[in-house]
Amino acid sequence: MDVNNQIAKLMVELSRSQDYEIGDGTTGVVVMAGALLEQAERLLERGIHPIRIAEGYEMASRIAVEHLERIAQKFDFGPTNIEPLVQTCMTTLSSKMQMCNHFLLFYSVNRCKRALAEISVKAVLSVADLERKDVNLDLIKVEGKVGGKLEDTELIYGITVDKDMSHPQMPKQIEDAKIAILTCPFEPPKPKTKHKVDIDTVEKFQTLRQQEQKYFDDMVQKCKDVGATLVICQWGFDDEANHLLMHQNLPAVRWVGGVELELIAIATGM
């Protein structure tokens, strides 16, 4: 956001800090800060020095925090008792509904507020370290799909990779899979310097082809020797390697991003 006014820049930074620290309440802090600035302007008009006004706000802040600690209520929650968290999450989602301009979308989201709150709470608890009171939100991924209804939203305890098998004849479902993650290209190594290969006979072409096929065979065999039943490759591979993987009954997925590979490694304990 390109803002020239100095006070407006402070408002933007305030909202960013709130979003970074809490993840919610950005609108509330801006409204409250605006109200405090409005009252501060009246005090300035009375001739009160800005430092005295700032000191008064700091004192009021301490008094407000102490009062909140006295009237605050603590809720016990855990993996088997998530209702307090769900109620809190529903309250948080209520403010988000007002940001939708389309009336039908507003009504639909509001109808699913309870389901979305439960999904959110379960997702956070699944990656939270309750003893350390720490949550790594990077382990939660929101995957959006075009079409369908909001009621189709579901929580998956695992990793969702929006990729197809590299060959259409490979199995679509694999149970108890042993995954081999490849961060190297599934192809013969290429020289780092400029090179030129002259092939002027059929025999030389057959020799080169046999060498490439032997390299592919060795890579596939190494994957099978470690017990892998599924190969996930960060890079791509050509049709020959794809055809060989299919004939060797080794399903594969290619062009998987590095972030997804890291999440798969964390989820499978690699």
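The values are calculated or read from the model by the stated rules, or taken from the named source; none is laboratory data. No experiment lies behind these values; they were computed from the predicted model shown. Virtual Cβ from ideal backbone geometry, glycine too; neighbours counted across all protein chains shown. Heads up: the accessible areas ignore ligands, DNA and RNA and are worked out on the full protein's heavy atoms, side chains in. Shrake-Rupley method; radii C 1.70, N 1.55, O 1.52, S 1.80 Å.
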- Just need a number here: residues in the range 132-147 that are assigned to a loop (DSSP other than H, G, I, E, B) and either small (Gly, Ala, Ser) or open to solvent by less than 100 Å² (accessible area, probe 1.4 Å) (or both). 6
- Query: Within the bounds of the range 92-102, is there any residue that is closer than 27 Å to TYR20 by Cβ, modelled with pLDDT of 85 or more and open to solvent by less than 70 Å² (accessible area, probe 1.4 Å)?
  - Reply: no
- Query: Would the range 180-188 turn up any residue that is of a type in the set (Asp, Glu), within 26 Å of VAL142 (Cα to Cα) and part of a loop (DSSP other than H, G, I, E, B)?
  - Reply: no
- Query: Before we move on, is ASP152 within 30 Å of LEU116 (Cβ to Cβ), touching a residue at least 40 places away in the same chain (Cβ under 8 Å), open to solvent by 70 Å² or more (accessible area, probe 1.4 Å) and of a type in the set (Asp, Glu)?
  - Reply: no
- Message: Pairs please, first residue from the range 205-232 and hydroxyl-bearing (Ser, Thr, Tyr), second anywhere and open to solvent by 30 Å² or more (accessible area, probe 1.4 Å), Cβ atoms under 7 Å, 6+ apart in sequence or on different chains.
- Response: TYR215/PRO188; THR229/ILE174; THR229/ALA177; THR229/LYS178
- Task: Count, please, the residues in the range 232-270 that happen to be in contact with a Ser or Thr (Cβ under 6 Å, 6 or more places away or on another chain) and within 30 Å of LEU139 (Cβ to Cβ).
- Result: 3
- Query: In the range 187-209, which residues are out of contact with any Phe, Trp or Tyr (no Cβ under 9 Å at 6 or more places or on another chain) and surrounded by 11 or more Cβ atoms within 10 Å (Cβ to Cβ)?
  - Reply: LYS204, PHE205, GLN206, THR207, LEU208, ARG209
- Of the residues in the range 1-53, those that are in contact (Cβ under 8 Å) with a residue 60 or more places away in the chain and either in contact with a Phe, Trp or Tyr (Cβ under 7 Å, 6 or more places away or on another chain) or open to solvent by 80 Å² or more (accessible area, probe 1.4 Å) (or both) number 1
